[in-house]
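Each remark here refers to the structure printed beneath this line.
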Amino acid sequence: MNPVIEVASLRKNFKDRNGASRAVLRDLDLTVGAGEFLCILGPSGCGKSTLLNVLAGLDKVYEGQASVSGGRVGYLFQEPRLLPWLTAEGNLDFALTSCKVPASRWSELKSRYLAMTGLSDYRDYYPHQISGGMAQRLALVRALCVEPGVLLMDEPFSGLDEITARRIRSDLLTIWEETRKTIVFVTHNAYEACFLADRILVMSGGAFRQEMRVPIARPRSYDDPAIFQLSRDVIKAFGDEIGRDTVPSAIPASEPGLVDDLDRHAAARMNI
Amino acid sequence: MLKVLSMVAAVIVWGLVSLTLPPEIFPGPIETARTLWGEIAKGDLWTDLAMTMLRVVAGLLLALILGVPVGVLMGLNRRAEAVLDVWVMIGLTVPSLCYAIMAFMWFGLNEGAAIIAIAITAAPSITINIWEGVKNVDTRLVAMARVFEATRPAIVRRVLMPQIFPYVMASARFGLGIIWKITVLVELIGRPNGVGFKLFYWYQLADMKQVLAWTLLFTIIMLLIELCILKPIERRVFAWRPQVAV
Ligand SMILES: Nc1ncnc2c1ncn2[C@@H]1O[C@H](COP(=O)(O)OP(=O)(O)OP(=O)(O)O)[C@@H](O)[C@H]1O
Ligand SMILES: [Mg+2]
């Protein structure tokens, strides 16, 4: 597998309110092979979205190397980011036009992904007329429509009900198996990660702490006990990592409360 | 519907109040309408009205040409914002009469000076609106468009303009309100025709009926512009917006 995403000693600092510089990504190394499905699991605020912004080429201010090859990069943001003055279909057309997808393919692409996400009847609805979860699904349709070779997904299913999320996860795997996109999928949900990924990276405090391969054969079934088993291990590793995070002295004395909050927050969002 | 009712009520109140006062001081709606009709029948009212409209439209266009770029610049550039915001405030504070007098003294008693005075008066409030609009642009949508490989012109046209347009509409409307008033004032001090000139003329002759007739005419025209031009444009352009329950 030749690498599609290569990141070496990536560092990213943000200025906080006092103008002091704060490291959000610390010496990240990451290699993602062509057609790989990678999940990044980490607590809120550990720098996942920041990393995806760099990979998507939106954020160009960083140290180290980050390169993405392998075709168009699709990015499903943490929020839907739909254009409110366009209908659902208008939003898809905007993406298709911008990416210069030949018009002859539009209707096929739109119908397929709208059907997959259960939005076929909502083409003429404006974003404010559909629910938050539907908007998130529409954003997924928009990202898939332009057929990216590399797809970055930032907690795409966190706002969906579990039944819908399950169905779309399976559909996503089907699409991935057909098209062999390279996918980097960020989530808080360990079970989801184990179901989807070839490989899971546990991230905390701006660095990857653990790497886990998912040895479960595909096609996977959502109720496979092996996934459950593995997700427990992942959660344990994940918990250890966050636990470890509270120790380093780099964090100012006033912050333990905050970290504690993050910890609980993260645990609450593990969905298990 | 409520609007119509409230207007009818206002006319009735006007009529009732006018009964208590002599007609030279406060004529009622019927007399005023009759006077207005007389003026319309005479026909030279249209020249005055046309001149006023011309100044209003030209003034508004010039105000937008001056105000929008400055507003955009201030919204985009911190330094420009820091330098210009005092000037916008000053521009807003100076009474419109001062602009009118200065314009007439510098450029002479001509149409150009009138339009410049009108535009300068309205430009600062337009600038403020646009400045606000540009600052409120959702950059996350711009990032989204960039991910989808939209070109710069496409981003400007399809992502930025729709976000700024409501503010342009609001500022045009707001500007228009200011411009009506300043136009009448400018005509009063420096033009030989127009609604403001006529109002002043009848004021000097102390003819209250005519003064009210012209005021009425002016108000009706303003309402027509609001209801027949601005509202429909807004309704079309903002069809996508959620209906706010009132
Ligand atoms: N534009 C910014 N300016 C300053 N700090 C920022 C900025 N964007 C993010 N940060 C900081 O960087 C850290 C990581 O943010 P990021 O959005 O990457 O977190 P995340 O892992 O995606 O969290 P979540 O799971 O809640 O989405 C946070 O502490 C945040 O405060
Ligand atoms: Mg995030």
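A few remarks follow.
- Comparison of A:209, A:220 shows that the only residue that is under 22 Å from residue A:113 (Cβ atoms), open to solvent by 10 Å² or more (accessible area, probe 1.4 Å) and among the charged types (D, E, K, R) is A:220.
- Scanning segment A:136-165 for residues that are assigned to a helix (DSSP H, G or I) and open to solvent by 10 Å² or more (accessible area, probe 1.4 Å) returns A:136, A:137, A:162, A:163, A:164.
- Some residue of segment B:113-133 being touching a Ser or Thr at 6+ places or on another chain (Cβ under 8 Å), within 13 Å of another protein chain (Cβ to nearest Cβ) and assigned to a helix (DSSP H, G or I): no
- In segment B:151-188, the residue that is surrounded by the most Cβ atoms within 10 Å (Cβ to Cβ) out of those that are within 14 Å of another protein chain (Cβ to nearest Cβ) and of a type in the set (Lys, Arg) is B:158.
- Residue count for segment A:41-67, restricted to those that are more than 10 Å from ligand 2 (Cβ to nearest atom) and β-branched (Val, Ile, Thr): 2
- Filter pass, residue A:38 being crowded, with 16+ Cβ neighbours inside 10 Å, in contact (Cβ under 8 Å) with a residue 24 or more places away in the chain, within 16 Å of ligand 1 (Cβ to nearest atom) and in a strand (DSSP E or B): yes
- Residue A:143 being of a type outside the set (S, T, N, Q) and within 12 Å of chain B (Cβ to nearest Cβ): yes
- Within segment B:193-246, the set of residues being assigned to a helix (DSSP H, G or I), polar (S, T, N, Q) and either in contact with a Pro (Cβ under 9 Å, 6 or more places away or on another chain) or loosely packed, with under 11 Cβ neighbours inside 10 Å (or both) comprises B:204 only.
- Given (1) within 16 Å of ligand 1 (Cβ to nearest atom); (2) open to solvent by 10 Å² or more (accessible area, probe 1.4 Å), index of the condition residue A:29 fails: (1)
- Subset of segment A:6-20 that is farther than 21 Å from residue A:68 by Cβ and in a strand (DSSP E or B) - its residue that is farthest from ligand 1 (Cβ to nearest atom): A:13
- Considered as a group, the residues in segment A:11-25 that are surrounded by 15 or more Cβ atoms within 10 Å (Cβ to Cβ) and away from ligand 2 (no atom under 16 Å from the Cβ) include one that is nearest to the other protein chains (Cβ to nearest Cβ), and that residue is A:13.
- Here residue A:58 passes the criteria (1) more than 10 Å from ligand 1 (Cβ to nearest atom); (2) within 14 Å of another protein chain (Cβ to nearest Cβ); (3) surrounded by 20 or more Cβ atoms within 10 Å (Cβ to Cβ) except the one numbered (3).
- Index of the failed condition, residue A:131 passing every other in (1) under 19 Å from the mean Cα position of the chain (by Cα); (2) at pLDDT below 95; (3) at negative phi: (1)
- Per this entry, residue A:86 is not counted among residues that are more than 13 Å from ligand 2 (Cβ to nearest atom) and open to solvent by less than 20 Å² (accessible area, probe 1.4 Å).
Results for (1) assigned to a helix (DSSP H, G or I); (2) farther than 24 Å from residue A:174 by Cα; (3) modelled with pLDDT of 95 or more, shown as yes or no for each residue.
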{"residue": "A:22", "(1), (2), (3)": "no, yes, no"}
{"residue": "A:44", "(1), (2), (3)": "no, yes, no"}
{"residue": "A:61", "(1), (2), (3)": "no, yes, no"}
{"residue": "A:70", "(1), (2), (3)": "no, no, no"}
{"residue": "A:82", "(1), (2), (3)": "no, yes, yes"}
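- Residue that is in contact (Cβ under 8 Å) with a residue 40 or more places away in the chain, touching a helix residue (DSSP H, G or I) at 6+ places or on another chain (Cβ under 9 Å) and within 14 Å of chain B (Cβ to nearest Cβ), where the choices are A:53, A:91: A:91
- Of the residues making up segment B:136-150, those that are more than 8 Å from chain A (Cβ to nearest Cβ), free of Cβ contacts under 8 Å to residues at least 60 places away in the same chain and open to solvent by less than 70 Å² (accessible area, probe 1.4 Å) are B:138, B:142.
- Cβ pairs under 9 Å, 6+ apart, first in segment B:101-125 and within 15 Å of residue B:183 (Cβ to Cβ) and acidic (Asp, Glu), second open to solvent by less than 50 Å² (accessible area, probe 1.4 Å) and not in a helix (DSSP H, G or I): B:111/B:191
The values are calculated or read from the model by the stated rules, or taken from the named source; none is laboratory data. Treat the numbers as computed from the prediction; the structure is a model and nothing was measured. FYI the Cβ positions are ideal-geometry reconstructions off the backbone, even for glycines, and counts take in every protein chain you see. Areas reflect the complete protein model, heavy atoms only, side chains present, ligands, DNA and RNA absent. Shrake-Rupley method; radii C 1.70, N 1.55, O 1.52, S 1.80 Å.
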